[in-house]
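Peer 1: I'd like to ask you about the structure that follows.
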Amino acid sequence: MPLLTVRAAAERMGIGYSTLKQWIHQGKVRTTQTPGGHHRLSEAEIDRLLARQAPEPLARPSEPHTSPGVIVALSGRNRLRGFVEEVRTDGLLGQVRLRIGDQTLTAVITSDAVNELRLRRGDDALAIIKATEVMIAREVEPAAPRVNRRRRRR
């Protein structure tokens, strides 16, 4: 069974390299060490971690173990899972930078919300996007310049 580097495993799992390293040092992830001391992860361990990250089925509000104030469903469908890369607060506002794969999403929220969510660098988080306008762009390779050739009439 092939072993993956920490960076390759983190990319495959859609989480940050530093988050996975923290989990390894905290003993949450089983690894094999190379003679040089580098950590490697097996496919089975990655599958175990991904299964643990999978969202649990939502509880029905009528079930007795559901406490009031717990969100059991959300109408927003555009959910992006990532990890907190940076949190900054200044006065009433906070800026949260979320790393989602190789992309970065920045959200400006209230400082109260940052404190209530207890957001810290390296935490896993969801960006839930609800917008009235979504723009789509497509990049194409620039076309080669055309050579203007005039046809001669005979």
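Peer 1: Where in the range 55-154 are the strands (runs of 3 or more DSSP E), entirely inside, with at least 1 residues that are of a type in the set (S, T, Y) and modelled with pLDDT of 85 or more? It would help to see each step written out before you state the result.
Peer 2: Numbers: elements: 78-90, 93-100, 103-110, 124-129.
Result: 78-90, 103-110.
Table: residues versus (1) assigned by TED's automatic domain parsing to the domain that holds Y17; (2) β-branched (V, I, T); (3) closer than 16 Å to I15 by Cβ; (4) surrounded by fewer than 11 Cβ atoms within 10 Å (Cβ to Cβ).
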position: G82; (1), (2), (3), (4): no, no, yes, no
position: Q95; (1), (2), (3), (4): no, no, no, no
position: L98; (1), (2), (3), (4): no, no, yes, no
position: T104; (1), (2), (3), (4): no, yes, yes, no
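The values are calculated or read from the model by the stated rules, or taken from the named source; none is laboratory data. Computed from a prediction, not measured in an experiment: that's the story for all the values here. All Cβ positions, glycine included, derive from the backbone under ideal geometry; neighbour counts span all protein chains shown.
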